[in-house]
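Worksheet for the structure shown next.
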Amino acid sequence: MEDLDQLSDIARTRGLRIAVAESLTSGNLAGHVGAGEGTATWFAGGIVAYFTDVKERLLGLEPGTDPCSAECAEQLARGARELFEVDLAVSTTGVGGPGPDGGHPPGTVYLGWATRTDAGHRHLQLDGSPDEVLAATIAAAVRMLTFHAPEA
């Protein structure tokens, strides 16, 4: 919760608008972020998109992009930033497990981030059950938002 408290403080102090785009975390990240202090003033919302065609149509994913990749994560974050017209967006994509998917081992996670002027990603290779991978992904995504909020 410490990272979420810090994110809330930064967002409120700076008047930021923040959003999330989720595949792997299936709305759980938005639920976590939405529990932050004063979210009505800074959390624009989130979108959950599992199907590739939905990611393409709503978030601008380029056709043919591996849905479990750095490129996908960055494109989803950029798409969410534009869709919600926010200062900062983060995205989650990957394979929660328990087995591999699309040639990627379980625990393969990509987080994307986008501000109005920059974007990037982080690759994680997590161990544990699907629930543990999900929890670790959410925690890492909140840390990523907190890290990038001062520059947004």
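Matching residues to (1) within 16 Å of SER23 (Cβ to Cβ); (2) not aliphatic (A, V, I, L, M):
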position	(1), (2)
LEU59	yes, no
GLY64	no, yes
GLU74	yes, yes
GLY112	yes, yes
ALA119	no, no
HIS123	yes, yes
ASP127	no, yes
*Tell me, please, whether a residue that is within 14 Å of GLU22 (Cα to Cα) and in a strand (DSSP E or B) can be found in region 129-136.*
no
*asked:* Can you tell me which of (1) farther than 20 Å from ASN28 by Cβ; (2) among the basic types (Lys, Arg); (3) buried (at least 16 other Cβ atoms within 10 Å of the Cβ) is the one ARG143 doesn't meet?
replied: (1)
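Just name the residue that is surrounded by the fewest Cβ atoms within 10 Å (Cβ to Cβ) out of those in region 70-80 that are among the hydrophobic types (A, V, I, L, M, F, W, C) and closer than 15 Å to ASP53 by Cβ. It would help to see each step written out before you state the result.
So in region 70-80, the residues among the hydrophobic types (A, V, I, L, M, F, W, C) come out as 70, 72-73, 76-77, 80.
Then keep just the ones that are closer than 15 Å to ASP53 by Cβ; that gives 72, 76.
On the way: CYS72: 24, LEU76: 33.
By that ranking, first place goes to CYS72.
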*When region 29-77 is examined, which residues are found to be under 15 Å from SER91 (Cβ atoms), of a type in the set (D, E, K, R) and touching a helix residue (DSSP H, G or I) at 6+ places or on another chain (Cβ under 8 Å)?*
LYS55, GLU62, ASP66
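Restricting attention to region 9-27, which residues are buried (at least 18 other Cβ atoms within 10 Å of the Cβ) and closer than 22 Å to GLU132 by Cα? I'd like the intermediate steps shown before the answer.
Just the residues of region 9-27 that are buried (at least 18 other Cβ atoms within 10 Å of the Cβ), to begin with: 10-11, 16-25.
If the condition is that a residue be buried (at least 18 other Cβ atoms within 10 Å of the Cβ) and closer than 22 Å to GLU132 by Cα, then VAL20, ALA21, GLU22, SER23, LEU24, THR25 are the ones that fit.
Within region 53-69, is even one residue within 21 Å of ALA135 (Cβ to Cβ), under 12 Å from the mean Cα position of the chain (by Cα) and surrounded by 15 or more Cβ atoms within 10 Å (Cβ to Cβ)? Don't jump to the end; show me each part of the working.
The initial filter retains those residues of region 53-69 that are within 21 Å of ALA135 (Cβ to Cβ), namely 68.
Still in the list and also under 12 Å from the mean Cα position of the chain (by Cα): none.
Checked region 53-69: no residue is within 21 Å of ALA135 (Cβ to Cβ), under 12 Å from the mean Cα position of the chain (by Cα) and surrounded by 15 or more Cβ atoms within 10 Å (Cβ to Cβ).
Given the structure, is GLY112 in a loop (DSSP other than H, G, I, E, B) and either at pLDDT below 95 or at negative phi (or both)?
On the way: in a loop (DSSP other than H, G, I, E, B): no; either at pLDDT below 95 or at negative phi (or both): yes.
So GLY112 fails the test.
The values are calculated or read from the model by the stated rules, or taken from the named source; none is laboratory data. In this text the structure is predicted, and so the values were computed from the model without any measurement. All Cβ positions, glycine included, derive from the backbone under ideal geometry; neighbour counts span all protein chains shown.
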